[in-house]
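Undergrad: Got a structure for you, written out below as structure tokens; questions coming shortly.
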Amino acid sequence: MTVIVGVTGGIGSGKSTVARLLAEQGAVVVDADAIARAIVEPGSSVLAELAQRFGSDIVDDQGQLRRSLLAERAFASLESTQDLNAIMHPRIQEEAKRLLVASPAKITVYDMPLLVETDQRALVDVIVVVDVPEEVQISRASATGRFSAEQVRQRMQAQATRSERNNAADVILDNSGSLADLALSVEQLWAALSEQAV
Ligand code: ATP
């Protein structure tokens, strides 16, 4: 049976990097962000629900989701963020579960930013939290060019605090050092998980 490892962390903490390093060791990765993108394809029922809640103009003339407009509205208040999560998360969880149980790998990674917030502990055997100080989150996430520092702060407010996340962890991976340091920590994690998987 596969050991299912939930990899989580705040925005810009290094989840995708950890998932990629684990994939290089041989893990199968189920990516919650990729599922989130797939379930809002044109014509989907999830997209219709989002349009009903956040305005029909979040869908463009080609039927595609305008992601930045949805994000602007959904992260405007705690209530609207909760509404977004209530629409998206049951569907993400359902699809993730299907993929996780079907994985043929010895170790399967569930890369899920909101694993702690959405109480998906039951889906995984081990929770790995990728941890960095908040100022590192802001500088790394804004350096990708995907977000401004303000957008990063807004998303951090919609996520669990650092201590809430770390309290839920079985393993905390410190990613405040270099990428080489992280690669070494992931190798050690892989060795420990491999023992568990036999
Ligand atoms: P998001 O929440 O936005 O999906 P994430 O948690 O998946 O982010 P990554 O995409 O893995 O984080 O990392 C964010 C950025 O920080 C990337 O550009 C990545 O290359 C860089 N990064 C990750 N770890 C380190 C490190 N130890 N040193 C320097 N840069 C790093």
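The values are calculated or read from the model by the stated rules, or taken from the named source; none is laboratory data. Remember, it's a predicted structure, so these values are computed and weren't measured experimentally. Backbone-built Cβ (ideal geometry, glycine too); neighbour counts: all protein chains shown. These accessible areas exclude ligands, DNA and RNA; they are computed on the full protein's heavy atoms, side chains included. Shrake-Rupley method; radii C 1.70, N 1.55, O 1.52, S 1.80 Å.
Undergrad: If you check A141 against the conditions, is it within 11 Å of the ligand (Cβ to nearest atom), open to solvent by 20 Å² or more (accessible area, probe 1.4 Å) and in contact (Cβ under 8 Å) with a residue 60 or more places away in the chain? Don't jump to the end; show me each part of the working.
TA: Details: within 11 Å of the ligand (Cβ to nearest atom): yes; open to solvent by 20 Å² or more (accessible area, probe 1.4 Å): no; in contact (Cβ under 8 Å) with a residue 60 or more places away in the chain: yes.
Judged against the criteria, A141 is not a match.
Undergrad: Answer yes if at least one residue in the stretch 182-195 is part of a loop (DSSP other than H, G, I, E, B) and open to solvent by 50 Å² or more (accessible area, probe 1.4 Å), and no otherwise.
TA: Step one: list which residues in the stretch 182-195 are part of a loop (DSSP other than H, G, I, E, B), which gives none.
Within the stretch 182-195, not a single residue is part of a loop (DSSP other than H, G, I, E, B) and open to solvent by 50 Å² or more (accessible area, probe 1.4 Å).
Undergrad: Also: Return a yes/no flag: does the stretch 94-101 have any residue that is within 13 Å of the chain's Cα centre (by Cα), more than 13 Å from the ligand (Cβ to nearest atom) and in a helix (DSSP H, G or I). Walk me through how you get there before you give the answer.
TA: First, the residues of the stretch 94-101 that are within 13 Å of the chain's Cα centre (by Cα): 96.
In the following step, the residues that additionally are more than 13 Å from the ligand (Cβ to nearest atom) were identified as 96.
From what is left, the residues that are in a helix (DSSP H, G or I) are 96.
Yes: the stretch 94-101 contains one or more residues that are within 13 Å of the chain's Cα centre (by Cα), more than 13 Å from the ligand (Cβ to nearest atom) and in a helix (DSSP H, G or I).
Undergrad: Next up: Out of everything in the stretch 147-161 that is part of a loop (DSSP other than H, G, I, E, B) and within 10 Å of the ligand (Cβ to nearest atom), what residue ends up being surrounded by the most Cβ atoms within 10 Å (Cβ to Cβ)? Explain how you work it out, then say what you get.
TA: Initially, the stretch 147-161 is screened for residues part of a loop (DSSP other than H, G, I, E, B), giving 147-148, 158-161.
Adding the requirement that they be within 10 Å of the ligand (Cβ to nearest atom) leaves 147, 159.
On the way: F147: 18, Q159: 20.
Among them, the one singled out is Q159.
Undergrad: Scan the stretch 141-149 and give yes if some residue there is closer than 25 Å to A74 by Cβ and among the aromatic types (F, W, Y), otherwise no. Walk me through it before giving the result.
TA: Here is the first cut: in the stretch 141-149, the residues closer than 25 Å to A74 by Cβ are 141-149.
Restricting the remaining residues to those that are among the aromatic types (F, W, Y) gives 147.
Looking for residues that are closer than 25 Å to A74 by Cβ and among the aromatic types (F, W, Y), one finds at least one in the stretch 141-149, hence yes.
Undergrad: Let me spell it out: the conditions are (1) within 13 Å of the ligand (Cβ to nearest atom); (2) assigned to a strand (DSSP E or B); (3) open to solvent by less than 10 Å² (accessible area, probe 1.4 Å), and V29 meets all of them except one. Which number is the exception?
TA: (3)
Undergrad: Continuing with the same structure: Can you pull out the residues in the stretch 34-74 that are closer than 27 Å to K97 by Cβ, basic (K, R) and open to solvent by less than 90 Å² (accessible area, probe 1.4 Å)?
TA: Hits for the stretch 34-74: nothing passes.
Undergrad: For residues in the stretch 1-16 being of a type outside the set (A, V, I, L, M, F, W, C) and surrounded by fewer than 20 Cβ atoms within 10 Å (Cβ to Cβ), which is nearest to the ligand (Cβ to nearest atom)?
TA: S16
Undergrad: Could you check how many residues of the stretch 119-138 are assigned to a loop (DSSP other than H, G, I, E, B), more than 15 Å from the ligand (Cβ to nearest atom) and open to solvent by less than 40 Å² (accessible area, probe 1.4 Å)? I'd like the intermediate steps shown before the answer.
TA: Just the residues of the stretch 119-138 that are assigned to a loop (DSSP other than H, G, I, E, B), to begin with: 119-120, 124-125, 132-133.
Adding the requirement that they be more than 15 Å from the ligand (Cβ to nearest atom) leaves 119-120, 124-125.
In the following step, the residues that additionally are open to solvent by less than 40 Å² (accessible area, probe 1.4 Å) were identified as 120, 124.
Counting residues in the stretch 119-138 that are assigned to a loop (DSSP other than H, G, I, E, B), more than 15 Å from the ligand (Cβ to nearest atom) and open to solvent by less than 40 Å² (accessible area, probe 1.4 Å) gives 2.
Undergrad: Further, regarding this structure: Within the stretch 129-145, which residues are in contact with a helix residue (DSSP H, G or I) (Cβ under 7 Å, 6 or more places away or on another chain) and of a type in the set (V, I, T)? Explain how you work it out, then say what you get.
TA: Of all residues in the stretch 129-145, those in contact with a helix residue (DSSP H, G or I) (Cβ under 7 Å, 6 or more places away or on another chain) come to 129-131, 134, 137-138, 141-142.
Correct list: V129, V130, I138.
Undergrad: If you don't mind, another one. Going by what's in this entry, would A19 be described as of a type in the set (G, A, S), part of a helix (DSSP H, G or I) and open to solvent by less than 20 Å² (accessible area, probe 1.4 Å)? Walk me through how you get there before you give the answer.
TA: On the way: of a type in the set (G, A, S): yes; part of a helix (DSSP H, G or I): yes; open to solvent by less than 20 Å² (accessible area, probe 1.4 Å): yes.
Judged against the criteria, A19 is a match.
Undergrad: Residue under question is R98, and the condition is that it be surrounded by fewer than 18 Cβ atoms within 10 Å (Cβ to Cβ) and closer than 27 Å to S44 by Cα; does it hold?
TA: It is true that R98 is surrounded by fewer than 18 Cβ atoms within 10 Å (Cβ to Cβ) and closer than 27 Å to S44 by Cα.
Undergrad: Can you pull out the residues in the stretch 105-118 that are under 24 Å from A86 (Cα atoms) and either open to solvent by 30 Å² or more (accessible area, probe 1.4 Å) or in a loop (DSSP other than H, G, I, E, B) (or both)? Spell out how you get there, then give the answer.
TA: So the first thing to find is which residues in the stretch 105-118 are under 24 Å from A86 (Cα atoms), and the list is 109-118.
Hits for the stretch 105-118 are M112, P113, L114, L115, V116, E117, T118.
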